[in-house]
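Take a look at the structure below.
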Amino acid sequence: MPPIASSLEQALLSRLAERTGKVVDIAYAGLVHSLGLTPRFFPHGFGDLKHIDMHAGVELFSSWPPPHFQDVTKSLKWTKEKEGTISDAGYKIYRGEFRTPCQGSVYDALPPECRNVQALFIQPDHPSEGAPAVVHLAATGDHGFSRRAALSLPLVAQNGIASLILESPYYGLRKPQGQTGAKLHHVSDLLLLGRATIEEALFLLHWLSNSPQGGVHGSTKLGISGLSMGGVHASMVASLCPNPLALTPLLAPRSAAAAYCHGALHHATAWDDLSLDSENRKREIGEAIEAASRANERLAAARGRAAVAAEEAANDNNYEEGGVGEASENDGDREEGDNNRTSTQSSWESIGDWTYRWGSSLTSQLRAVSKLDDLSRRTGSTKNREAAVALLAEVLETYTDVTRFPVPAKPEAAVLVAATEDAYVSPASVLELRDHLPGSEVRWVPGGHVSSFLMHQNAFRQAIKDSLERL
């Protein structure tokens, strides 16, 4: 009776994860980081926030595609690394390199090691014309490609979905000298990582929709996905791309502040160093925050202009290819699918609302390890530390709050996956992200941040598949 045993085992593991997921998250973050077993994030302070100039985005998105993408395309080189089969489906894996499309102050601020982009392209052996493809973005500390390749490979066999995996700057082969693991030296490094990742992902999406490589030329079904921090970046990419994208943020918050200031990564942050730096540079940091806040409105306006241009181009193509008639033939199927999704969404959201109302408070859970955090304090008063937490939260909310970005071209094509006992990402933050995406769906899995990544890969893949079907 193997199937029964397998189901029972899965049920027991899920129940265990649901009860202990948050404990595992907090124990790791609290014990490892608060006892000083590994370095902390941002030991060199806030860094130079002026390098992340969101005003540059106005220039970038005033037209689509940005003209400089053509120059980057010329530098993109692919080398076949491997071919094989999975579940009787053939696949090929290509390794790609290209110069980052980032320009100006962003390019100059990136360490030299970060300027050469690394990517992995997994595609079906015989892809159909316009085959669906998804760009996968990195979670915090996700060096290399192995984790996301393990998530992506079954998509080839199950659904013929190609995957393009981007290695973020500051990670893997793009890690600067002197950096230990994923522990970024400055807060500005985190923002540069995000800014570069977003533009590089936009470039890869443009390449997928226009390149004959691998038979994905002109694909109308493109998606963007990411786990945790990668999910935040994926949401921003969907917001800034004028074309509709399938969006699947996995275990992702509304902003990075949810993890670093209020979640388990609070215990991985060098608060004493940030406190000292903020005291010396409070005015300078405040001016950078104010400038970035003003840029949001201009960025949204530019995104709107690019969306209009992209829609006009798409309408022209549909007219020439007879696309309008084809779309009308599927109206009945689309209506039935919408009804099914509404029913499913209602079911999942009721679970999410229950979790939000009755789930254990993240704040109360963190109190259990607050004494460990006290042991690692070297200097500074509680008041100074609270001020540093507040300032970092303001910085991260300004630069990484997804809800300050424009609503994506097709928000109903977003399927979010969240964990009920996640100590890194609160249910409230997930629901705020959902509210920013009208018509989106949240699917809750039992467990914490770490256990959900290990146990719910199938749920992640199903969300990616379903989001693509909503396009």
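The values are calculated or read from the model by the stated rules, or taken from the named source; none is laboratory data. Quick caveat, the model's predicted, so the values are computed rather than measured. Here Cβ is always computed from backbone atoms with ideal geometry, including for glycine, and neighbour counts include all displayed protein chains.
Quick notes
- Listed by first and then second residue, the pairs with beta-carbon distance under 8 Å, at least 6 apart or on different chains, first residue in region 136-155 and farther than 13 Å from residue 120 by Cα and in contact (Cβ under 8 Å) with a residue 24 or more places away in the chain, second crowded, with 19+ Cβ neighbours inside 10 Å and β-branched (Val, Ile, Thr), are 155/134; 155/161; 155/464.
- The residue list 128, 105, 163, 209 contains one member that is under 18 Å from the mean Cα position of the chain (by Cα) and not aliphatic (A, V, I, L, M), which is 163.
- Selection over region 144-200 of residues that are hydroxyl-bearing (Ser, Thr, Tyr) and farther than 26 Å from residue 396 by Cβ gives a count of 3.
- Residues of region 246-271 that turn out to be among the hydrophobic types (A, V, I, L, M, F, W, C) and touching a strand residue (DSSP E or B) at 6+ places or on another chain (Cβ under 9 Å), as a count: 9
- Of all residues making up region 85-116, the number that are more than 25 Å from residue 406 (Cβ to Cβ) and loosely packed, with under 13 Cβ neighbours inside 10 Å: 5
- Residues of region 448-464 satisfying the condition of being of a type outside the set (S, T, N, Q), in contact (Cβ under 8 Å) with a residue 60 or more places away in the chain and more than 11 Å from residue 251 (Cα to Cα): 455, 461, 463, 464
- Residue match in region 273-293 (condition: of a type in the set (Lys, Arg), closer than 25 Å to residue 403 by Cα, modelled with pLDDT of 60 or more and out of contact with any Ser or Thr (no Cβ under 8 Å at 6 or more places or on another chain)): no
- Of all residues in region 130-143 being of a type in the set (Gly, Ala, Ser) and in a loop (DSSP other than H, G, I, E, B), the one that is modelled with the lowest pLDDT: 130
- Residue within region 190-207 that is within 20 Å of residue 48 (Cα to Cα), in contact with an Asp or Glu (Cβ under 7 Å, 6 or more places away or on another chain) and either modelled with pLDDT under 90 or of a type in the set (Gly, Ala, Ser) (or both) present: no
- Pairs where the first residue, in region 263-286, is under 30 Å from residue 251 (Cα atoms) and in a helix (DSSP H, G or I) and the second is at pLDDT below 90 and among the basic types (Lys, Arg), C-beta under 7 Å, 6+ apart: 268/40; 271/385; 272/377; 272/378; 275/385
- Boolean, residue 188 is among the polar types (S, T, N, Q), in contact with a Leu (Cβ under 7 Å, 6 or more places away or on another chain) and surrounded by 20 or more Cβ atoms within 10 Å (Cβ to Cβ): yes
- Residue check, residue 171 buried (at least 20 other Cβ atoms within 10 Å of the Cβ) and within 21 Å of the chain's Cα centre (by Cα): yes
- Condition broken by residue 82, with the remaining ones in (1) surrounded by fewer than 23 Cβ atoms within 10 Å (Cβ to Cβ); (2) more than 30 Å from residue 276 (Cβ to Cβ); (3) in contact (Cβ under 8 Å) with a residue 40 or more places away in the chain satisfied: (3)
- Flag for residue 35 being within 24 Å of the chain's Cα centre (by Cα), surrounded by 12 or more Cβ atoms within 10 Å (Cβ to Cβ) and either over 30 Å from residue 202 (Cβ atoms) or modelled with pLDDT of 90 or more (or both): no
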